[in-house]
1. Would you point out which residue out of 14, 1 is more than 18 Å from residue 94 (Cα to Cα), hydrophobic (A, V, I, L, M, F, W, C) and assigned to a loop (DSSP other than H, G, I, E, B)?
2. Just one of the numbered conditions (1) of a type outside the set (A, V, I, L, M, F, W, C); (2) over 16 Å from the mean Cα position of the chain (by Cα); (3) modelled with pLDDT of 95 or more; (4) surrounded by 14 or more Cβ atoms within 10 Å (Cβ to Cβ) is not true of residue 19; which one?
3. Taking the criterion of being modelled with pLDDT under 95, touching a helix residue (DSSP H, G or I) at 6+ places or on another chain (Cβ under 8 Å) and loosely packed, with under 12 Cβ neighbours inside 10 Å, would at least one residue in the range 34-49 satisfy it?
Amino acid sequence: MRTLADHSRTIAAMHALATEYPLLPAADIRIVPRVPDELMIECYDSLASFEAWREALHADIDAVEHQVTRIGQIHLIAEAKFDGVTVIIHGYTPQARPQLAKAVAA
């Protein structure tokens, strides 16, 4: 069984992010319970929020993955390291785009 202590480095990195980048857009931030040293950032409000996080953490733009969800949202994924922790940034368009969902289903 994992304990809170197993995530102390991730918690410290999350605090450092808040201190170093206080003006980044608010996002869903969570520690992944099964994976020590991994932090998940999810930006649901706009792709601009995703981009602000990606730039701040120096995630390689050429390594950004993208997909279209089955409801037609664009989903971007980037990975970066910060204070020894892997940070995975997810960005979503705020609303589904029906024309994309139909294209994916076809």
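1. 1
2. With (1) of a type outside the set (A, V, I, L, M, F, W, C); (2) over 16 Å from the mean Cα position of the chain (by Cα); (3) modelled with pLDDT of 95 or more; (4) surrounded by 14 or more Cβ atoms within 10 Å (Cβ to Cβ) applied to residue 19, the lone miss is (4).
3. no
The values are calculated or read from the model by the stated rules, or taken from the named source; none is laboratory data. None of the values given here were measured: they were computed from a predicted structure. Glycine also receives a Cβ, built like all others from the backbone with ideal geometry; neighbour counts cover every protein chain displayed.
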